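Coordinate-derived values only; no laboratory data. Computed from a predicted model, the values in this text were never measured in an experiment. Neighbour counts are summed over all protein chains in view; Cβ atoms, including those assigned to glycine, are modelled from backbone coordinates with ideal geometry.
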Amino acid sequence: MVVTIKNFAFTPADLTVAPGTVITVTNQDTTAHTLTATGKEFDTGTLEPGKSATITAPTTAGSYPFICTIHPFMKGTLTVS
């Protein structure tokens, strides 16, 4: 599973994965971003342009909203089922 950050948006912004799925997050934008769960279940840390990181989906089923902590208007939801 891959999430791309570009044009100040997550693609896909809403995704459904199995528990424990490893997700690669790639920043293809011109500025730094994060992909951070609002409940702090996962966090890429700051990703500079052109960089990637991985996160692991929680093992508990549920809905996990996430944002970019640098640009909080960027939002998405990770659903674990």
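For this structure, a couple of remarks:
- Of all the residues in region 40-63, those that are farther than 18 Å from Ala9 by Cβ and of a type in the set (Ser, Thr, Tyr) number 5.
- Qualifying residue in region 2-9 (condition: on the phi > 0 side of the Ramachandran plot and without any contact (Cβ under 8 Å) to a residue 24 or more places away in the chain): yes
- Scanning region 30-59 for residues that are of a type in the set (Val, Ile, Thr) and in contact with a strand residue (DSSP E or B) (Cβ under 7 Å, 6 or more places away or on another chain) yields a count of 7.
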